[in-house]
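The next block holds one structure in the form of structure tokens; read it before the comments.
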Amino acid sequence: MLSAVAVLNEVLDTKDPQAVIEQLTDSPLGFTNIDHDNLNRYADMLIRERADALAKDQEFLSWNDIQKCIDTVNIQVHEEHERIIAIAEINEALSSGDHRQTLAALLLPTAKLSGVNPDTAKHYHDVLQNTKQLLCQTSGDESAVLWLDQIQQAILTANQDEEEALTLAAAVAHINRVVAEGNSQNTLQALQAPDAGLKAVLPECADTYQSELAKRQESNATEGSSDVLWVKHCIKDKYDFYYNLQTGQGTWVTPEEYKDSWSQLSKEEIQNVVSCGTAEYNREQLWLANESLVTQLQARIRGYLVRKKHSQRLEYLRLQEPSVVKLQAFWKGYKQRKVYRERMNLLQKNVDSVIKIQSLAKMWRAKHKYNQRLKFFKDHEKEIVKIQAFLKANKARDDYKTLTGAKDPPLSVVRKFVHLLEQSSLDLQEEQEMTWLREEVVTKIRSNQQMEKDLNLMDIKIGLLVKNRITLQDVVSHSKKMKSKKSKSSKDDLTGGEKLGIKGLSKGKRRKLEAYQHLFYLLQTNPSYLAKLIFQMPQNKSTKFMDTVIFTLYNYASNQREEYLLLKLFKTALAEEINFNRGARGHNALRQLLSPVVKDIIDDKNLGINTNPVDVYKAWVNQVESATGEASKLPYEVTPEQAMSYPEVRTRLQASSEALRSATDKVLNSIVSSLDNIPYAMRYIAKVLKNSLHEKFPEASGDDVLKIVGNLLYYRYMNPAIVAPDGFDIIDLSAGGQLHQDQRRNLGSVAKMLQHAAANKLFEGENAHMTPMNKYISQTYEKFRLFFQAACDVPEPEEKFNIDEYSDMVTLSKPIIYISIEEIINTHSLLLEHLDAISPDRNDLLHELLQDLGDVPDVEALLGEGAVDSNDPNRETALSQLAKTEISLHLTSKFELLEGDDKDLKTLVTKTKKLIVDVIRIQPGEALPEILETPATPPQELEHTRILERRAAQDAQTPEGLKSSPAVLEDGQLPLEQKKRKILRNLRNLEQAGLATASNNYQDLINDIAKDIRYQRRYRQRRKTELMKLQQTLTALNSKTTFYQEQMNYYDTYIKTCLDNLNRKSIKLDSKSEDRGSKKWKPQSLKYTAARLHEKGVILEIEGLQTNQFKNVMFDISPTEEVGDFEVKAKFMGVEMEKVQLHFQDLLQLQYDGVAVMKMFDKAKVNVNLLIFLLNRKFYGK
């Protein structure tokens, strides 16, 4: 018996109701009173009792406990049956129409109804009858019955009706009594009582209410008897309630003593009297309030009568109009002639006075007109200012159009805009910010690359650990190295080692630093050296050199100058027959170009492209066998030719070809219509490749050259993203959302078709069954050909970026690179090793710079003596780690012109233009020779001095890296007259060199200054754009760094768990005998609100839901029977919305692929790493 009870307890631990039922019915436990209809309820209650017992540390449920549970369930079921029978009796009693029978049914103990009062039986019956009628009407079922909750609600409603009826009857009886007393104030108080429920009672009408109610009461008394004991009231317009005036009690049953009498005023009569009295009072007040309107009405009536009389008089005069006119004319003529004669006599007597008055009047009119005009201007001062501003703006726009559009803009126009060439504090601030952002971007890129390499190596080591190929200590050792790198990078900045080594404060070290700065400036601005050096190295070394030194030297093309120089290097390298493959800069454009069409192909569930006749044949055979249930008589292994002999295979291949053509057209149209989305760098390299091939192979046809260009643009740049969109982040991944094999085959078929079309390669040989598509390939190639030609049509970098080799002379900030000690040493050694091949000419600048540097230094020489302890046993390892220390180099040219060196005419032009700008900004004039020959006035000299002082103060606050070149600023502090003499000397030299002409007043230099003004404006605009791009890039890099750090933290947690498991093994071996009787641990479900998961960082956002509503969303995570599988349920305000199966292996795969965020339920964005960490911690104890 005890063993059977123990087995039942173990079954209860599984929480499987079916297993519990089987155990109850099959085991020989001898339980009594088992009803097979209640087995499911027995199982549920026993499982709950078992859970409660475990919570109370009770090890087993005894036989008595189980029997008690069975008896309890039986009692509950019996009570439920009894209640159902009682409800049926209540409905039958209602059908009988006898309220006494209804009361008896309501009082049944098995019904368990509360609040039943036997005195209210009649009203219970009426309310239940009314409720049942409403139920039948709404449901349309005449046989509908009342349920328990409806009966209970009807009882409560009837009790409430009785209370309200008693209150109302008492209030009405009280009103009748106070009305009979004759006191109006007492009557008003009774009427205003809340229990009476009367409306529109006004204190001002108290006497009216009293008199009217008394009259109505006397009238009722004459009509009915005065000895009334019972009064009837109608409750809710359908229930009669009888109230005893003596006892104050009420009943719903008609009393035997009740007489139908009108001596008592009812509520309706009282309300009618009150309403009439209030209406009369309101009407009286309305007349009083609108007395003025009544007066106006009377006035309008009187006016109408007067106007009517006046109209009659006018009508009479109209009839007599000819006579009236004649009389008036005679009379007016007489009067006018009399006045005229008198006026003429007066004027003849006062001629002098008239002349004086006329002169005064004319003077007054002139003054008045002037004052009015002056007042008009003062009143419209703002409008006048706007008009003047509009005219000035139009003039400024016209001048700027002249500056930008005219072939030879006048000096007077150029002079208005030369102030734009001055560098403001905002320019310095933006340059500082851009320099800092470049430093951060480059540092983050290099740091992320190193972290990615370390994490990849950590993946390999953990994989080997799982396969028992290496020990746990190897993994722990690598983890410690990763931590030391991370802590070092967080504590040490780029200048951490500048107190010693190459950036030390000594003359020799400073010369060494400047020599390296000059060397890397020359390598950066002259691409031929690096292009030749790449060819001199083996393939494996050249690739690594490109990934480290080249991209470091050009700051990963983080601004337009570096991008321009990097493109110049690629152009030179292509001329040396170097191939250029797709990079990461065009990733966003590639995603924008291909993501919509690739997603359409993946989401199309009905799309199935299979152009292999053997695969189509096998699929057809499998389908036939599945449909018929019989083995096919066709052979299972066939050749492509044999498969094509079947009409069904040909039909299916035709359908696949049509689908392939449609899908290919979608992708092709997206490509050819998105030409502007392709990065400029990619298009320019294609242009260089095309031109280089034409120069090297002039006999090659245009189609052959375009095929090679297509290989670059399509096959190298776009094709991999189409074949594997998940690998190139073209589409978003979610847990369990990996591409299906059919989806990959569809994409591969489209990519293969486009590849054949881009190369104009027709199907033949093994693909002979695809020959019907050759015509389509030829047509598609024509579209590709036009696309490739248009892609090569881009301007040169000098025109695109408005940069040339002399731009560094006038640029505010100097170029900075961040390079490691190891990369400096490798570059130095490679240049010395291949110097003869790179630069055969001994007089070349590169030879001079390498001679200044001397031999290749070692790591300790560049870092400083004592950087590593000589007695350290791990000295070599420490030096190899320190070799990765990065330093910043401010690149400068060693060969900039010094004072008096005018051999470089380009630089002389630049100096002369800056001097001219300083002069014409102060001194006006129509032509440059006129300004130079006219002496400056003292105010002009004073203004020039102020500008120089302001410029000097600003230059003192400018950081060293942002100061302009000394060769440009050397003449900036000269007085104004000395600058003029300097300009005249420079102009004579430039005129002798043919770069300036005195006959046109040196208009060529004025045109160059106008071009500089336009460039300065575009440069500021590009700088703002570049700042925005750098900020976006830095944000993305920080996110990537955070992701890598999360991975490192996760690996650290994993290693700690492994170490803890190793420590537990010995403890478990010692306590093995003690643990044999312990309970087996079963993971329970995990419940979190979305707000809690959001705090933990697991939930990032939920589409369509604000953050403050996350507390209403509950996630229930429970493990399934399959190891590693979880069921996630989402509930909103307690209502289950969706559920999804989560596979732990899929999460690990996403983490391995670098996917930081996935979608769950297609709405919630989840952090993959933190979700894995949560599951490990809660369910696996890791």
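The values are calculated or read from the model by the stated rules, or taken from the named source; none is laboratory data. What you see is a predicted model; the values in this text were computed from it and never measured. Quick reminder, even Gly has a Cβ in these numbers, built from the backbone with ideal geometry, and neighbours come from all protein chains shown. Keep in mind that these areas ignore ligands, DNA and RNA; they rest on the heavy atoms of the full protein, side chains included. Shrake-Rupley method; radii C 1.70, N 1.55, O 1.52, S 1.80 Å.
Going through segment 90-114 one residue at a time, which ones are closer than 18 Å to Y239 by Cβ and of a type in the set (G, A, S)? Passing the criteria: only G97. Is there a residue being of a type outside the set (D, E, K, R) and at pLDDT 80 or above anywhere in segment 1141-1152? Yes, because at least one residue in segment 1141-1152 is of a type outside the set (D, E, K, R) and at pLDDT 80 or above. Restricting attention to segment 724-738, the residues that are surrounded by fewer than 17 Cβ atoms within 10 Å (Cβ to Cβ) and modelled with pLDDT of 75 or more total 1.
Any idea which residue in segment 739-768 is modelled with the highest pLDDT, counting only those that are exposed (fewer than 15 other Cβ atoms within 10 Å of the Cβ) and in a loop (DSSP other than H, G, I, E, B)?
First, the residues of segment 739-768 that are exposed (fewer than 15 other Cβ atoms within 10 Å of the Cβ): 740-742, 748, 761, 764-766, 768.
Still in the list and also in a loop (DSSP other than H, G, I, E, B): 740, 761, 764.
Working: H740: 75, K761: 81, E764: 76.
Selected residue: K761.
In segment 786-805, the residue that is farthest from V705 (Cα to Cα) out of those that are open to solvent by 60 Å² or more (accessible area, probe 1.4 Å) and modelled with pLDDT of 80 or more is D793.
When E181, E164, E204 are checked against the criterion of being under 60 Å from the mean Cα position of the chain (by Cα), charged (D, E, K, R) and surrounded by fewer than 19 Cβ atoms within 10 Å (Cβ to Cβ), a single residue qualifies: E164. Taking the condition surrounded by 18 or more Cβ atoms within 10 Å (Cβ to Cβ) and assigned to a loop (DSSP other than H, G, I, E, B), does L198 pass? Yes: the conditions hold for L198.
Of the residues in segment 27-34, not one is part of a helix (DSSP H, G or I) and not aliphatic (A, V, I, L, M).
Among the residues of segment 593-609, none is identified as in a loop (DSSP other than H, G, I, E, B), open to solvent by 30 Å² or more (accessible area, probe 1.4 Å) and in contact with a Lys or Arg (Cβ under 8 Å, 6 or more places away or on another chain).
Residues in segment 34-56 that are open to solvent by 90 Å² or more (accessible area, probe 1.4 Å), of a type in the set (D, E, K, R) and modelled with pLDDT under 80: D37 only. Of the residues making up segment 393-412, those that are in a helix (DSSP H, G or I), open to solvent by less than 90 Å² (accessible area, probe 1.4 Å) and free of Cβ contacts under 8 Å to residues at least 60 places away in the same chain are A393, N394, A396, D398, D399, Y400, T402, G405.
Just the residues that are assigned to a loop (DSSP other than H, G, I, E, B) and either over 14 Å from C792 (Cα atoms) or not assigned by the TED database to the domain that holds Y776 (or both), please, taken from segment 675-708.
Restricting attention to segment 675-708, the residues satisfying the condition of being assigned to a loop (DSSP other than H, G, I, E, B) are 678-679, 697-701.
Correct list: F697, P698, E699, A700, S701.
Restricting attention to segment 1155-1168, the residues being small (G, A, S) and either open to solvent by 40 Å² or more (accessible area, probe 1.4 Å) or at pLDDT 75 or above (or both) number 1. Considered as a group, the residues in segment 57-75 that are under 57 Å from the mean Cα position of the chain (by Cα) and without any contact (Cβ under 8 Å) to a residue 12 or more places away in the chain include one that is least open to solvent (accessible area, probe 1.4 Å), and that residue is Q58.
Selection of segment 66-118 for residues being of a type in the set (D, E) and part of a helix (DSSP H, G or I) yields D71, E79, E80, E82, E89, E92.
The residues on offer are I821, I825, and the sole one that is surrounded by fewer than 18 Cβ atoms within 10 Å (Cβ to Cβ), modelled with pLDDT of 75 or more, within 16 Å of L889 (Cα to Cα) and of a type in the set (A, V, I, L, M) is I825.
Residues checked against (1) closer than 30 Å to K416 by Cβ; (2) more than 60 Å from the chain's Cα centre (by Cα); (3) assigned to a helix (DSSP H, G or I):
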{"residue": "K326", "(1), (2), (3)": "no, yes, yes"}
{"residue": "W331", "(1), (2), (3)": "no, yes, yes"}
{"residue": "R341", "(1), (2), (3)": "no, yes, yes"}
{"residue": "R373", "(1), (2), (3)": "no, no, yes"}
{"residue": "I384", "(1), (2), (3)": "yes, no, yes"}
{"residue": "L391", "(1), (2), (3)": "yes, no, yes"}
